[in-house]
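Some notes on the structure that comes next.
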Ligand code: DC
């Protein structure tokens, strides 16, 4: 979709806890606006995958600063919905459970956050991006024209994860266990020292527990249009 001449191109930052609806909302919104969608969680997952592939996770746990060696020559890129790590398509692999289990640890490390923040700021330099994550409105783009903070009840988020796993046809965990994992990840992401998950004071908070995806996209889309037109 082409941008109309005279329309402002903006940055839309969407933050929130796991399974709050960020990526679905961000992806659809980007399509509707003709913007580029950038999934920063996929970038943290890619670094985690690289640590696992190189077999250095335990070394990094023992001496966290050693993670810098992984970042020296890393490249992470997107092509539509595909994610490439060092030129290889890792779209499916970064969703593996072993990556999900370790990503909170890797994303808590300062050198990782600094490097990815630079990459994300570079990706947003041209504007017209919808970026989702945990610290986009607070740290990466605190001057983003539109900041959204999505939340949802933990039980509701566990149900969404369960439905995703059901659709994939894999092994189904107990829903109470999923809810506990989600709460644990929320705690780790919100309590970490560097760039913890938190709402920017200017961010618009939307509770998606009772909303359909269509409705939540529509709400953010309308806010974006108002800003593009300069009426907000
Ligand atoms: O959105 P996700 O579940 O794919 O994110 C994976 C992990 O990456 C999440 O547990 C926290 C981390 N993350 C982060 O620390 N900062 C971001 N901007 C995005 C994700």
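Every listed requirement among (1) modelled with pLDDT of 95 or more; (2) in contact with a helix residue (DSSP H, G or I) (Cβ under 9 Å, 6 or more places away or on another chain); (3) buried (at least 16 other Cβ atoms within 10 Å of the Cβ) is met by residue 202 save one, (3). If you check 86, 79, 143 for being over 27 Å from residue 190 (Cβ atoms), surrounded by fewer than 13 Cβ atoms within 10 Å (Cβ to Cβ), over 14 Å from the mean Cα position of the chain (by Cα) and more than 13 Å from the ligand (Cβ to nearest atom), only one passes: 79.
From the list 66, 77, 108, 104, exactly one residue is free of Cβ contacts under 8 Å to residues at least 24 places away in the same chain and in contact with a helix residue (DSSP H, G or I) (Cβ under 8 Å, 6 or more places away or on another chain). Which is it? Even if it seems obvious, please write down each step before you answer.
Values: 77 fails: in contact with a helix residue (DSSP H, G or I) (Cβ under 8 Å, 6 or more places away or on another chain); 108 fails: free of Cβ contacts under 8 Å to residues at least 24 places away in the same chain; 104 fails: free of Cβ contacts under 8 Å to residues at least 24 places away in the same chain.
Unique residue meeting the criteria: 66.
For segment 110-126, residues that are within 21 Å of residue 60 (Cα to Cα) and either within 8 Å of the ligand (Cβ to nearest atom) or surrounded by 20 or more Cβ atoms within 10 Å (Cβ to Cβ) (or both) total 4.
The values are calculated or read from the model by the stated rules, or taken from the named source; none is laboratory data. Computed from a predicted model, the values in this text were never measured in an experiment. With ideal geometry, Cβ positions are generated from the backbone for all residues, glycine too; neighbour counts draw on all protein chains shown.
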